[in-house]
1. What about residue 138, is it in contact with a strand residue (DSSP E or B) (Cβ under 7 Å, 6 or more places away or on another chain), within 24 Å of residue 54 (Cβ to Cβ) and crowded, with 17+ Cβ neighbours inside 10 Å?
2. Could you tell me how many of the residues in region 67-85 are crowded, with 16+ Cβ neighbours inside 10 Å, within 12 Å of the chain's Cα centre (by Cα) and without any contact (Cβ under 8 Å) to a residue 40 or more places away in the chain?
3. Of the residues 135, 129, only one is over 26 Å from residue 44 (Cβ atoms) and in contact (Cβ under 8 Å) with a residue 12 or more places away in the chain; which?
4. Residue by residue through region 36-71, note down the ones that are under 21 Å from residue 143 (Cβ atoms) and in contact with a strand residue (DSSP E or B) (Cβ under 6 Å, 6 or more places away or on another chain).
5. Would it be correct to say that residue 88 is in a strand (DSSP E or B), within 12 Å of the chain's Cα centre (by Cα) and surrounded by fewer than 17 Cβ atoms within 10 Å (Cβ to Cβ)?
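Just so it is clear, none of the values below were taken in a lab; they were calculated from the coordinates. In this text the structure is predicted, and so the values were computed from the model without any measurement. Positions of Cβ are backbone-derived with ideal geometry, glycine not excepted, and every protein chain shown enters the neighbour counts.
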């Protein structure tokens, strides 16, 4: 579902990207628009990236801004497929997800990007308006 490019921005404004624009490419990182496409922007204090294992770990003050949602966590791990697209994302530690009129909190959230499935565990709570849901595991689909 998410075939948008990921852009990594560290708090020191260093850009480590997975986008390589061609001639005449459009880059407006602040508005999440690269080459005319919406992108997902991840900011954190520290980034560890293992190109051999297609794996990245973001730590401290992690903020993920996506055109359809925002996620805040202490730590975020992203696994990529062979073409560089995110396939699995795991957020840990004081996770907050905001999407349209919904807000969720949990100790851990796992997002299966291909299927759009988000699983919240460790005291998860999902709220929409004045209604809320709590349990041991909450599963919902992004779309």
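1. On the way: in contact with a strand residue (DSSP E or B) (Cβ under 7 Å, 6 or more places away or on another chain): yes; within 24 Å of residue 54 (Cβ to Cβ): no; crowded, with 17+ Cβ neighbours inside 10 Å: yes.
So residue 138 fails the test.
2. Result for region 67-85: 6.
3. Values: 135 fails: in contact (Cβ under 8 Å) with a residue 12 or more places away in the chain.
Testing whether each residue is over 26 Å from residue 44 (Cβ atoms) and in contact (Cβ under 8 Å) with a residue 12 or more places away in the chain leaves just 129.
4. Just the residues of region 36-71 that are under 21 Å from residue 143 (Cβ atoms), to begin with: 37-42, 64-71.
Passing the criteria: 39, 40, 41, 42, 64, 65, 66, 67, 69, 70, 71.
5. Values: in a strand (DSSP E or B): yes; within 12 Å of the chain's Cα centre (by Cα): yes; surrounded by fewer than 17 Cβ atoms within 10 Å (Cβ to Cβ): yes.
Yes; evaluated as a whole, the condition is true for this residue.
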